[in-house]
1. If you check B:151, B:121, B:116, which single one turns out to be surrounded by 16 or more Cβ atoms within 10 Å (Cβ to Cβ), assigned to a loop (DSSP other than H, G, I, E, B) and modelled with pLDDT of 95 or more?
2. Being surrounded by 24 or more Cβ atoms within 10 Å (Cβ to Cβ) and more than 11 Å from chain B (Cβ to nearest Cβ) is the requirement here; does residue A:314 meet it?
3. Residue B:99 - would you say it is within 25 Å of residue B:364 (Cα to Cα), out of contact with any strand residue (DSSP E or B) (no Cβ under 9 Å at 6 or more places or on another chain) and surrounded by 24 or more Cβ atoms within 10 Å (Cβ to Cβ)?
4. Being away from chain B (no Cβ under 14 Å) and within 21 Å of residue A:365 (Cβ to Cβ), is that true of even one residue in the stretch A:246-253?
5. Just to verify a result, which residue in the stretch A:196-230, among those that are under 30 Å from residue A:30 (Cα atoms) and touching a helix residue (DSSP H, G or I) at 6+ places or on another chain (Cβ under 8 Å), is surrounded by the most Cβ atoms within 10 Å (Cβ to Cβ)?
6. Out of (1) in a helix (DSSP H, G or I); (2) within 13 Å of the chain's Cα centre (by Cα), what's the single condition that is false for residue B:106?
7. On the given criteria, is residue B:264 surrounded by fewer than 16 Cβ atoms within 10 Å (Cβ to Cβ), in the same structural domain as residue B:351 (by TED's automatic domain parsing) and within 27 Å of residue B:16 (Cα to Cα)?
8. Restrict the check to the stretch A:202-210 and report whether at least one residue is more than 26 Å from residue A:37 (Cα to Cα) and outside the structural domain of residue A:344 (by TED's automatic domain parsing).
């Protein structure tokens, strides 16, 4: 067993940090305050080799593992969870097309998604179906060589900004398929742009499909593969969300430690009060446990071992730890912590979303217990 | 609560109607625009709420801590921002003045704050002194018949929109050499400072009181010079009990939304309310809410009984207030975050009120004494 990072991994961490220091740190407070999505960041992330980290070299990817990808997300989230979330969502179509798409689809979409010229989105959730994804109602009816899509997708990250949407539809009573829908498809439009508790840079929109017609050739894999495609994407997506959680947690912990060292009350630094010391000790321990659970899930994935249970455990633990760590960071900073200027309140608002996306904490527990019931 | 009197029940009923009809419809707007809806103070004045604890001879309602807590709970259940601004005005300014001010000061200032014509607030916290409040640096020096106050008070509720403030300042070198002054915003040398953007309680304006050689007449000193440290601490009891009432209200409001949602929303062929996981989250929240509520009203009742018997609670008052605030504030953060979780994606959506309630709830673990200070008070009373 070896817990050390190799040279490539160290390099990935360093270069992502440098990128984020230069491109994200200077603009993030302004973007958050204005809920402004800076699209031009994506080609820059593409340039830096971040978006296609795990994709095949033939399409411009770097052929790294989920482990390295997880390190990238953790570093990005340290500077901006919102951009990290949008980034991880544009990576979902890449992963899906790479794994299940036809050669033609790969050539058509992967290179531009990897450079960040195109942005991707993933449409599964609907107003009436969240955790129970299988009950989705959006329909695609086949007529000739085309599918006609009708329905509503809800809470779509990158909705409205994305160019390539992977849309889960019902092609038959019992059949869910994954279709690629391009931005300019007539009949697809952007509905309401949601206002959220946090993650305000990252757009969340309703996507409306009204007789939206796409070629049947846009089906990913075979018809009826859709649910498997979605679930596979979500399994690795859970490692992504866990990594984002760990990045936020580290940022919150660093801010709390720095403040507690500096702030004096009752004639001493507050970091020397046991109430604060123990809070920080618990935060650091929670983060460390979360991080290694996440890296273990990534290790299993990269070694072609079953990782679904571990990915759920990593997501459950990391996001719940992140919620506690960020809430406690606000507490350590006291009145300052509650004010926007000191940023930790943003971490807390962001943390809450991670307990909801890519399967709520409750769904992770279902996945884990389902695995426990197997022999 | 089971022990509420007939009058307290009537107040609860009318507050519920008032909150539903007048406050709830503007709660989302207050949060989004970060401003207290216009007209809230005059409506509360019409309801007779602004001088709730003030004796009738001074134009108040002559009620006690239980009634004040009921009002805070009911406002908190629909719009915690309104409840917090109400607290800063009614408890921190009006109640403190009515309790500690001279007859002349009460006659001069109470009518306008009770009618809502002017809005009040209280200044303790400074950039360098939060939990360690007696380390405040704002100085008041005598200048003939006046005092000159210099210093900055920060994180002051109603600072941007208030006209009259109950300000603590140092009048000597000893740690406890603290005095109180009634500072009008029109006084020479006073400025409001900038409005501060917060995580939650956004409808309740927060800002700074900046005093630069601010000239305050000696007649505006409350009590004797250098004798404010004790009453500053004692005044915090009713503040902590009533803010704990806001926490109870927030959790109750959030649970009510979750209760409706989980009974309507279906997943996997049944309503969410049929899943054990949701039942646990809801049941724990419900039980914790009621436990906190019982404790908060017990503290309020003890405060009232002591007052009616003319024997101040002293350190016991601080202890009960600390217990109530610690339990209620931590409960409300946990329960409101769980309510976001029960609503899933909708919970995170600002169109549903639970995310606002979760953001609001966190303030009460910090304001009016942090959780850590509540634990310190309990430990000081029970362990040493």
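1. Answer to the selection: B:116.
2. yes
3. Considered against the rule, which asks whether it is within 25 Å of residue B:364 (Cα to Cα), out of contact with any strand residue (DSSP E or B) (no Cβ under 9 Å at 6 or more places or on another chain) and surrounded by 24 or more Cβ atoms within 10 Å (Cβ to Cβ), residue B:99 comes out as no.
4. Taking every residue of the stretch A:246-253 in turn, at least one turns out to be away from chain B (no Cβ under 14 Å) and within 21 Å of residue A:365 (Cβ to Cβ).
5. Of everything passing the filter in the stretch A:196-230, A:199 is surrounded by the most Cβ atoms within 10 Å (Cβ to Cβ).
6. Of (1) in a helix (DSSP H, G or I); (2) within 13 Å of the chain's Cα centre (by Cα), only one is false for residue B:106: (2).
7. Considered against the rule, which asks whether it is surrounded by fewer than 16 Cβ atoms within 10 Å (Cβ to Cβ), in the same structural domain as residue B:351 (by TED's automatic domain parsing) and within 27 Å of residue B:16 (Cα to Cα), residue B:264 comes out as yes.
8. yes
The values are calculated or read from the model by the stated rules, or taken from the named source; none is laboratory data. For clarity, every value in this text was computed on a predicted model and none was experimentally measured. Neighbour counts are summed over all protein chains in view; Cβ atoms, including those assigned to glycine, are modelled from backbone coordinates with ideal geometry.
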